[in-house]
Amino acid sequence: MAGELIHLDNKHISVDQMKMSVDRVLQCYIRNMFGPPSPLIENYLREAGFWHVAMIGRGCKLDPKLISALLERWRPETHTFHLPCGECTITLEDVHLQLGLPVDGYAVTGSASSIDWGAICYELLGAISDKINGGRIEMRWLRDTFPEPDNDSTELERIQYARAYILEMIGGYLMPDLLRNLVHLRWLLKLVDFRAAGKLSWGSAVLATLYKEICGATRPNKAKIGGCLSLLQSWVRFRFPFLRYRVDHPYTFPLITRWNHSASYVRILTSLEDIRLLLDQRSEAEFQWIPYEDLTIRAVILDEFFQNPNVWHVKVPLVNYATVEMHQSDRVLRQFRFRQPIPVAPEVFDEEHKVDLRQLHTDWPRFWSHYIEM
């Protein structure tokens, strides 16, 4: 059974790292926002489902060694980390409570190609970047072109600024790709109507992207990783007390904002080899299966985020344009206070992992219709 389940060892970093003279430390990327969003766009961000997540994008520093050590334990076959405590993973619950993004809604998908991206850019942002390459624009252009609105700004200017702000969040820390300082304009097509945008499962899109990036980074020849690495890192700190630095500050929502404050790193081991040893020696006894049940944490989570907790543990495909990844919640039921039976064999997504946006003019809702309808 184990031989059938684990079939990617021939191209997995966990095998090759034992032969490496120098440990592989991945290049990780995040682009923090300069400051909190203007109150003048609060209503638009709330309608689109991005108000809470707009609180998190400042002061986050990534730990590439921590991320690299953990990724050695990730199995693309199951979308879970394999550790002495058992299988565990980042779930829709973590996305919902850590980031404050909606996880129950329509798939974020559609066409990712356009005859004239410049025209779309002008229609929805009121300005055209002189550098549009493959539907992508520079993040710096967004920041330079859209100053924070003041009380004299028009409603249209505030709407355009809100769209630009959301694009910065997506390209900077929610779904950054390996092109780093670029963001694709396909996201802009989802921000035509903020109320319609608020009905989309942005959290599922973020998690699908992160799963795909983690799966890709398990290959030994990979040097970089994209996706929402601040979520991955915060998940580690909530679940593994021995990898958590001390923060003398109350919990706030979204929960990931806990790490935006000054902290004490006393007795925190930081070398990749030490982190590996800690995961081996202490995860079985100390892994936190249900950290959000802590009353001090639960007290800061808004009631609206408990309206439909059943969606957190549904085994469901996560679709995001060219990406489809399975939410393997059935393998980590202890994270939801359930008894863990022997899980069924996961679906094989090897062929799906080969699909990307380079398949131009693809109708992604039709292409993935089987998964969207599940």
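At 1.4 Å probe radius, can you tell me the per residue accessible area of the stretch 1-138 in Å²? Working shown, then result.
Values: 5980 Å² over 138 residues.
Averaged over the residues of the stretch 1-138, the accessible area is 43 Å².
Taking the chain, how much of its Cα-Cα pair set, in percent, is spaced more than 38 angstrom apart?
Roughly 16 percent, once rounded to a whole number.
Relative to the present Cα-Cα distance, how much length would full extension add between V300 and I372 at 0.36 nm per residue of separation?
22.6 nm
Which value, in Å², gives the accessible area per residue of the stretch 233-372 when a 1.4 Å probe is used on the protein heavy atoms?
Heavy-atom SASA per residue in the stretch 233-372 reads 55 Å².
Just the accessible area per residue of the stretch 146-213, please: how many Å² with a 1.4 Å probe?
With the other protein chains kept in place, the stretch 146-213 gives 37 Å² per residue.
Mind checking the dipole of the chain: about its Cα centre, +1 per Lys or Arg Cβ, -1 per Asp or Glu Cβ, Debye to the nearest 20?
With only Lys, Arg, Asp and Glu charged at Cβ, the dipole is about 820 debye.
Sort out for me the Cα centre separation of the stretch 269-289 from the stretch 175-207, rounded to whole Å.
Between the Cα centres of the stretch 269-289 and the stretch 175-207 lies a distance of 34 Å.
With charges set only on the Cβ (+1 for Lys and Arg, -1 for Asp and Glu), what does the dipole of the stretch 132-174 come to about its Cα centre, in debye to the nearest 20?
Here the stretch 132-174 has a charge dipole of around 300 debye.
Could you quote the convex hull projected area for the stretch 246-374, Cα atoms only and averaged over all directions, in nm²?
Averaging across all directions leaves 12.2 nm² for the Cα convex hull.
Can you give me the long-range amide H partners of F50? Hydrogens built in the peptide plane at 1.01 Å from N, cutoff under 5 Å, separation of 5 or more residues or another chain.
Sorted by chain and number, the residues that satisfy this come to none at all.
How much mean residue ellipticity at 222 nm does the chain get from its helices, if each DSSP H run of length 4 or more adds -39500 (n - 2.57) and you divide by all residues, to the nearest 500 deg cm²/dmol?
So the helix-based figure for the chain works out to -8500 deg cm²/dmol.
Specify the residue with the greatest mean-square fluctuation among V53, V300, V324, computed from a Gaussian network of the chain linking alpha-carbon atoms under 10 Å apart.
Result for the chain, Cα springs under 10 Å: V300 fluctuates most.
Work out, step by step, the length gained on full extension between E123 and E351: first 0.36 nm times the residue separation, then minus their alpha carbon distance; give nm to one decimal.
78.4 nm
For the chain, which DSSP H helices look membrane-span-like by this rule: Cα extent along the axis of 18 Å or more and mean Kyte-Doolittle of at least 0.5?
202-217
Note down the magnitude of the dipole of the stretch 215-334 about its Cα centre, charges +1 on Lys and Arg C-beta and -1 on Asp and Glu C-beta and zero elsewhere, to the nearest 20 debye.
Computed charge dipole of the stretch 215-334: roughly 360 debye.
Report relative contact order for the stretch 46-157 in percent, whole number only (criteria: Cα-Cα under 8 Å, sequence separation at least 6).
15 percent
Carbon-plus-sulfur fraction of the accessible area of the chain, 1.4 Å probe, in percent? Could you put the intermediate results ahead of the total?
Working: 8760 of 17340 Å².
The C+S portion of the solvent-accessible surface of the chain is 50 percent.
The values are calculated or read from the model by the stated rules, or taken from the named source; none is laboratory data. Remember, it's a predicted structure, so these values are computed and weren't measured experimentally. Counting neighbours? That spans all protein chains shown, and the Cβs are built from the backbone with ideal geometry, glycine included. Accessible surface is based on the protein model in full, side chains and every heavy atom, while ligands, DNA and RNA are left aside. Shrake-Rupley method; radii C 1.70, N 1.55, O 1.52, S 1.80 Å.
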